Amino acid sequence: MKKQEIKKLTEDQILKNLDKFKKDLFNFRFQKINSQVTNPAKIGETRKNIARLKTLLKGKKNA
């Protein structure tokens, strides 16, 4: 997700996407162990998206 897309999300949408990315990251870890990862860059991208969502969520709660 890009910054512009993330900034447009509501708090509920952020939480839903956060859960989705956490599940994806969990699955990527198992794929990595079993050597089934097709695109290893997706792991880092998913972690960065989680961080972006958490940062935005914290900013919205403080505002």
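The values are calculated or read from the model by the stated rules, or taken from the named source; none is laboratory data. Model, not experiment: these values are computed from the prediction. We place every Cβ from the backbone using ideal geometry, glycine too, and count neighbours over all the protein chains shown.
Kindly evaluate Lys42 against the criterion of being within 14 Å of the chain's Cα centre (by Cα) and assigned to a helix (DSSP H, G or I).
Taking the combined requirement at face value, the residue satisfies it.
Scan segment 40-63 and report the pairs whose first residue is under 16 Å from Asp12 (Cβ atoms) and whose second residue is hydroxyl-bearing (Ser, Thr, Tyr) and loosely packed, with under 10 Cβ neighbours inside 10 Å, with Cβ atoms within less than 8 Å and a gap of 6+ or a chain change.
Close Cβ pairs satisfying both conditions: none exist.
Among the residues of segment 24-39, how many are exposed (fewer than 14 other Cβ atoms within 10 Å of the Cβ) and either not aliphatic (A, V, I, L, M) or not in a helix (DSSP H, G or I) (or both)?
Total meeting the criteria: 10.
Basic (Lys, Arg), surrounded by 10 or more Cβ atoms within 10 Å (Cβ to Cβ) and modelled with pLDDT under 90: which single residue out of Lys48, Lys60, Lys20, Lys2 fits that description?
Result: Lys60 is the single residue among Lys48, Lys60, Lys20, Lys2 that is basic (Lys, Arg), surrounded by 10 or more Cβ atoms within 10 Å (Cβ to Cβ) and modelled with pLDDT under 90.
Taking Phe21, is it without any contact (Cβ under 8 Å) to a residue 12 or more places away in the chain, of a type in the set (Phe, Trp, Tyr) and in a helix (DSSP H, G or I)?
Judged against the criteria, Phe21 is not a match.
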